[in-house]
Amino acid sequence: MGGTVREFESHRRRLLAIAYRWVGSTVEAEDIVSEAWIRWHRVCDVRDHGAVLSTIVTRLCSDHLKSARIRREKCSGTTLPEPAGPTPASPQHKLERDEEIALVARQLLERLNPAERAVVVLRHGFEYTYRDVSAITGIREASCRKLYSRGRARLAGDRRFRIEPEKQAELAHRLVAASRSGELHALERLLAADIKN
């Protein structure tokens, strides 16, 4: 069976952070972590409780975003972890952050077309102005605004594109580099090139 209450509580803060990045709501993040507690106790032969709990929370968040209620709300809150932001210093936190960003890459590739993906990543993830997004992508500002709105709504939808593993790995790599060191030029080039292909 799962571990002790003390062991779960030692991971709670990190699990809440993961859930909040996905759903953008403290109340819903708390609900997801509570559900993770229940599911955790059904798992046998656990060696790495932290990894198992992270996986459970991530899956619960993904299921939550697929729910009919969230689709009806048209993605009014944050639906994906923010790619940008400071990375904790510990190797364990860096690894968890990298895994989280890999999931971001998968969601972006599965649910958005290249133009939507570029606009959402630059505007939402890295807070570019629409003018800058337009300059990088070659898409008119007005169209960028529409792509952003449509892309945010589609992140919670059911549509899926086929994912090429190499493409996911490259996008995840660029997002990690941009998140850690602010290396944005390579990410910009990758997103712009995808639109033209």
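The values are calculated or read from the model by the stated rules, or taken from the named source; none is laboratory data. Just so we're clear, the structure is a prediction, and the values are computed from it rather than from any experiment. Virtual Cβ from ideal backbone geometry, glycine too; neighbours counted across all protein chains shown. Quick note on the areas: whole protein, heavy atoms, side chains included, nothing else; ligands and nucleic acids left out. Shrake-Rupley method; radii C 1.70, N 1.55, O 1.52, S 1.80 Å.
I'm checking my understanding of the structure. Among residues of segment 1-26 that are part of a helix (DSSP H, G or I), among the β-branched types (Val, Ile, Thr) and farther than 15 Å from LEU65 by Cβ, which one is modelled with the lowest pLDDT? Let's see the steps before the verdict.
First pass over segment 1-26, keeping only residues part of a helix (DSSP H, G or I): 5-23, 26.
Those still in the list that are among the β-branched types (Val, Ile, Thr) too: 5, 18, 23, 26.
After this cut, where a residue has to be farther than 15 Å from LEU65 by Cβ as well, the list is 5, 26.
Values: VAL5: 75, THR26: 78.
Of everything passing the filter in segment 1-26, VAL5 is modelled with the lowest pLDDT.
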- Failed item, numbered, when ARG47 is tested on (1) at pLDDT below 75; (2) part of a helix (DSSP H, G or I); (3) surrounded by fewer than 19 Cβ atoms within 10 Å (Cβ to Cβ); (4) charged (D, E, K, R): (2)
- Among (1) at pLDDT below 85; (2) among the polar types (S, T, N, Q); (3) open to solvent by 60 Å² or more (accessible area, probe 1.4 Å), where does SER149 come up short? (1)
- Message: Return the residues of segment 118-132 that are open to solvent by less than 40 Å² (accessible area, probe 1.4 Å) and either farther than 21 Å from VAL176 by Cβ or in contact with a Gly (Cβ under 7 Å, 6 or more places away or on another chain) (or both); say none if nothing qualifies.
- Response: VAL119, VAL120, TYR130
- In segment 178-197, the residues that are closer than 16 Å to ALA118 by Cα, modelled with pLDDT under 85 and open to solvent by less than 50 Å² (accessible area, probe 1.4 Å): ALA178, SER179, LEU184
- Could you tell me which of the residues ARG174, ARG159 is out of contact with any Ser or Thr (no Cβ under 9 Å at 6 or more places or on another chain), closer than 15 Å to ARG106 by Cα and either part of a helix (DSSP H, G or I) or free of Cβ contacts under 8 Å to residues at least 40 places away in the same chain (or both)? ARG174
